[in-house]
Amino acid sequence: MTRFSGPKTRRQILAAGLGLGASALALRAANAQQSAIDAVLNQRISDHNSRWGEGFDSTASGQLPVMSTDPMFSASSAVNLETALRQHYDMMNRGGWLSVPGDTLLQLGVRHANVTELRRWLIASGDMAQQWGISDIFDSYVDSAVRRFQARHGLVVDGIMGGEGFAAMNVPIGARVRQLETNLVRIRSMSGFLGDRYVMVNIPAAALEAIDNGRVTTRHTAIVGKVDRQTPILNSRIHELNFNPFWTVPVSIIRRDLIPLMQENPQYLAENNIRIFSSWGAGAQELPPQSVDWNSDEATRYMFRQDPGEINSLGSVKINFHNEHQVYLHDTPDKSLFGDDYRFLSSGCVRVQNVRELVTWLLRQNDGWSRQRIDQVIQNGERIDVNVTTPAPLYINYVTAWAAANGTVNFRQDIYGRDGLPTTVSSNG
């Protein structure tokens, strides 16, 4: 919802993930003799490829699949996940997968012993075809397979195996099975008719889709709530858009963010075009920041409002739906954050990348609201509120594992800890 708190950087996550990789290496060293493991693994790889055919999708070469118009969740989602769960049960019964040492950064052109283990894992998972073989060279086949693995796990798709990649890869098969079981229950509860036209947000994926007749019309990267300011699970309808909006700061953010920021920098409100008013109602008087005692909670009695403009925390548009949590969808001036794979940075609202595409989709049944007019209104800075002619159902859900009809199995981090599973598991079982 706000831009006050600095994001966790990719470098920080890489460093933390490399620590997890080192633990995985210690676990691997404690396994049975390597020759016995290799024998089991080779048999499992052979059986796995015969069972799964071309792996998780139609690209046996390990190339990334073409972007599909299939939604994350559909009428067949439960069946797809049941199939994935059976396959993972089978893999677990055959010994699961081995950990890949995470103590070395791996990328295209590298030659290293750890690449051998990486290739074995990618073949076992279906991300790389068995025909590309086992060696210690990180070639173009491995690069494509790693990118595919990264896409399935919601990581930055750059072909570089670093800390967070090894952390996701070294989750034991038993933990993945339990994750699939937990999410199957969730997806079954969503299996009813959702509507011919609706918006779906998946919190762990930090992603949003606009659906028409079972197909994705527009897909968006999103930024969702921090762990301590979680985006709520809810069903509602999008009924109104505010172009070039004011942002009225919630009391919780005044207390948590504005007061500390003003203590550090008395010019913060002026620098961010935020004004103070004596009350939340009509006839409120504007107050100078100097009149407020910033070393107390006095500020929580006043209304803080940020003027529209380039640095407004809501960006160019706010998308409203009825809910008790006072959250909404909106644009953001901090668009660089959409490029990170850690996008749990808001105070509960959902920030939407390429928001104008979603706005165009929402207003397509409103006369006179073409994409050209939307662009013009935003460019001119005009303050306009628009009621959506046909309110679109909105579903905000929490699903950390799902499968597509083509067999692609997707996993995401249980960022809010709602799966009820241990954060670390000591064995593949």
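With both labels modelled 7 Å from their Cα along Cα-to-Cβ, the Arg215 to Gln263 distance reads 5.6 nm.
Applied to segment 141-150, the Karplus parametrisation 6.51 cos²θ - 1.76 cosθ + 1.60 on θ = phi - 60° returns per-residue 3J(HN,Hα) values of 5, 5, 4, 5, 5, 5, 4, 5, 4, 4 Hz, with x for Gly and Pro. At a probe radius of 1.4 angstrom, the accessible area of segment 165-225 per residue rounds to 30 square angstrom. Under 5 Å from the amide H of Gly225 lie the amide H atoms of Thr231, Ser346, Gly348, each residue being 5 or more positions distant or on a separate chain, with H modelled from the backbone and absent for Pro and chain starts.
Quick one: net charge of Val386's neighbours, Cβ under 12 Å, K/R +1, D/E -1? Residues near Val386 contribute -1 overall.
Karplus-derived 3J(HN,Hα) values for segment 224-241, using 6.51 cos²θ - 1.76 cosθ + 1.60 with θ = phi - 60°, are 10, x, 4, 4, 8, 9, 6, 5, x, 7, 6, 10, 7, 9, 7, 10, 8, 10 Hz; glycine and proline are entered as x. Near Gly420, once Lys and Arg are set to +1 and Asp and Glu to -1 for all other residues with Cβ below 10 Å from its Cβ, the sum equals 0.
Stretching the chain fully between Asn273 and Ile233 yields a gain of 11.2 nm (0.36 nm per residue, less the alpha carbon separation).
In this simple spin-label model, placing a label point 7 Å from the Cα along the Cα-to-Cβ direction at both Thr390 and Arg371 gives a separation of 1.9 nm. Neighbours of Arg215 by Cβ distance under 13 Å: Lys/Arg scored +1, Asp/Glu scored -1, total -2.
Can you send over the carbon and sulfur percentage of the accessible area for segment 274-365, probe radius 1.4 Å, protein chains only? Don't jump to the answer; show the numbers that get you there.
Values: 1820 of 4100 Å².
C and S atoms contribute 44 percent here.
The values are calculated or read from the model by the stated rules, or taken from the named source; none is laboratory data. Please read all numbers here as calculations on a predicted model, not as lab measurements. Counting neighbours? That spans all protein chains shown, and the Cβs are built from the backbone with ideal geometry, glycine included. Protein only, heavy atoms only, side chains kept; ligands, DNA and RNA dropped before computing areas. Shrake-Rupley method; radii C 1.70, N 1.55, O 1.52, S 1.80 Å.
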